[in-house]
Amino acid sequence: MAVRYNHKNYSSYLSDEPMPDAASEKEQGNEYFKQKKFAEAIGCYSRSIALSPTAVAFANRAMAYLKLRRFEEAENDCTEALNLDDRYVKAYSRRITARKGLGKLKEAMDDAEFAVSVDANNPELRKQYSEIKALLMEKSSVLAKHTISEFDKAGDKNDMSSHPLSDPQKDSFMEVDSSVRAAAGIRECSGGASKGASGVGLKDNNMQQSRDAKQKSGPEISVQDLASRAASRYMSSTVKSVKTPKTAYDFEVSWRAISDDPAHQIQLLKSIPPASLPEIFKNALSSAFLIDIVKCTASIFWDDAELAVSILENLAKVSRFDLIIMCLSPMHKSELRKIWAQTFLAETASTDKVEALRRLQSKYMEGGWQQEDMLALS
């Protein structure tokens, strides 16, 4: 016997049991979170993400992971949130907590510095910044004390003022980590009298006495000074290699890390495919970074004009670019005109590149060269 379906009742059933959507799953996750049912909240946020991934859903799931001390999952979710919205300060705040839990203090400090620059009046971010900074200083202080202690022990074992280094000893000294050698230098300057602390063999006691005499007038360097110097070495040692940035945040962190090294900034900019610049910056390009990039592009122009033009063309495609140009300070506008006149439109440029740059000049300068001509006439 054939089974007949009551279509009316079936349709009513469907309307009575609506299909879940991303928003309702997220709201249900929030309810579970308030009840401290974090595992259930994670399930809801996961379904919300599967239906429609958003920065808020990822950040909320990260918060639930933090409550369960699942720091790695929390860090990953915060990163996903920032890939969707790289100005979402809650995601930065939660990633700071996750990275602190994972012992990634340098990365946590990068997040804290950037987040504070985005929302300087946020008390929670400022508190996190202070906490991470204190932890870094504490770690550096321990490192400084440890390295000094190690050199004191080495000095007790090897009376370097009486015995010159043999070849094996020289090899052993040369293998000492650079930060340890630096700490030894601090120990020597602080007036310490332990034998061999500087790692240099003394020919006689007169040299030691002469060095001590020169240092009697100066105060001993405090542990705070040692910690500060060790912190500087720790922070700088982490900037050995810069990865190609994928977001505006990644770019800003990398760019600031090499702010005093124009050669590395050029290499960083060259590592980015020009066509990806609009996707990287989205609506997060600041006027200061725009000027920095144009200056760096001017240096690239002499060796690779084609790449430089491509960078400028794609940079002009970044969201709100026209608004950024409109709001440039008089000083920045003057810098752009100078770069264009002295570099991009110099006589050494090929005809086709000059034409491309003349087309771009109206985008980078309001009114093209008309503004400059009027200034010259006034």
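The values are calculated or read from the model by the stated rules, or taken from the named source; none is laboratory data. Quick caveat: nothing in here was measured; it's all calculated off a predicted structure. Every residue, glycine among them, receives a Cβ derived from its backbone with ideal geometry; neighbour counts consider all protein chains shown. When the accessible area is computed, the model is the full protein with side chains, heavy atoms only, and any ligands, DNA or RNA have been set aside. Shrake-Rupley method; radii C 1.70, N 1.55, O 1.52, S 1.80 Å.
Looking only at region 333-344, which residues are at pLDDT below 85 and of a type outside the set (V, I, T)?
Scanning region 333-344 gives W340, A341, Q342, F344.
Would you mention how many residues in region 241-264 are without any contact (Cβ under 8 Å) to a residue 40 or more places away in the chain, part of a helix (DSSP H, G or I) and under 16 Å from K282 (Cβ atoms)?
The qualifying residues number 2.
So which residues in region 232-259 are at pLDDT below 80, over 16 Å from K104 (Cα atoms) and either surrounded by 15 or more Cβ atoms within 10 Å (Cβ to Cβ) or not small (G, A, S) (or both)?
Selection gives R233, K240, V242, K243.
For a quick check of your reading of the model, give me the residue pairs whose first member lies in region 346-361 and is within 11 Å of F301 (Cα to Cα) and of a type outside the set (G, A, S), whose second is in a loop (DSSP other than H, G, I, E, B) and modelled with pLDDT of 80 or more, with beta-carbon atoms closer than 9 Å and at least 6 apart or on different chains.
That search, which allows pairs on different chains as well, returns T348/W302.
Which residues, taken from region 119-132, are of a type outside the set (D, E) and surrounded by fewer than 16 Cβ atoms within 10 Å (Cβ to Cβ)?
Matches in region 119-132: A120, N121, P123, R126, K127, S130.
Anything in region 59-71 that is in a helix (DSSP H, G or I) and open to solvent by 20 Å² or more (accessible area, probe 1.4 Å)? List them, or say none.
Listed by number, the residues that qualify are N60, R61, M63, Y65, L66, K67, F71.
With V318, V354 as the choices, which residue is at pLDDT below 85 and on the phi < 0 side of the Ramachandran plot?
One residue alone meets the criteria, V354.
Could you check region 119-137 and list, in sequence order, the residues that are assigned to a helix (DSSP H, G or I) and in contact with a helix residue (DSSP H, G or I) (Cβ under 8 Å, 6 or more places away or on another chain)?
Residues satisfying the conditions are E124, L125, R126, Q128, Y129, E131, I132, K133, L135, L136, M137.
With A74, A39 as the choices, which residue is buried (at least 24 other Cβ atoms within 10 Å of the Cβ), over 22 Å from F251 (Cβ atoms) and among the aliphatic types (A, V, I, L, M)?
The conditions single out A74.
Considering each of Q361, Q371 in turn, give the residue that is polar (S, T, N, Q) and either modelled with pLDDT under 85 or in a loop (DSSP other than H, G, I, E, B) (or both).
Q371
Out of region 269-296, which residues are of a type outside the set (V, I, T), within 17 Å of the chain's Cα centre (by Cα), open to solvent by less than 30 Å² (accessible area, probe 1.4 Å) and modelled with pLDDT of 90 or more?
The one that is of a type outside the set (V, I, T), within 17 Å of the chain's Cα centre (by Cα), open to solvent by less than 30 Å² (accessible area, probe 1.4 Å) and modelled with pLDDT of 90 or more: L269.
All but one of (1) modelled with pLDDT under 90; (2) small (G, A, S); (3) more than 16 Å from the chain's Cα centre (by Cα) hold for A115; state the number of the condition that does not hold.
(3)
Among the residues of region 80-118, write down those that are open to solvent by 50 Å² or more (accessible area, probe 1.4 Å), within 18 Å of N60 (Cβ to Cβ) and in a helix (DSSP H, G or I).
E80, N83, L84, K90, T97
Out of region 317-342, which residues are outside any helix (DSSP H, G or I), in contact with a Phe, Trp or Tyr (Cβ under 9 Å, 6 or more places away or on another chain) and crowded, with 17+ Cβ neighbours inside 10 Å?
If the condition is that a residue be outside any helix (DSSP H, G or I), in contact with a Phe, Trp or Tyr (Cβ under 9 Å, 6 or more places away or on another chain) and crowded, with 17+ Cβ neighbours inside 10 Å, then V318 is the only one that fits.
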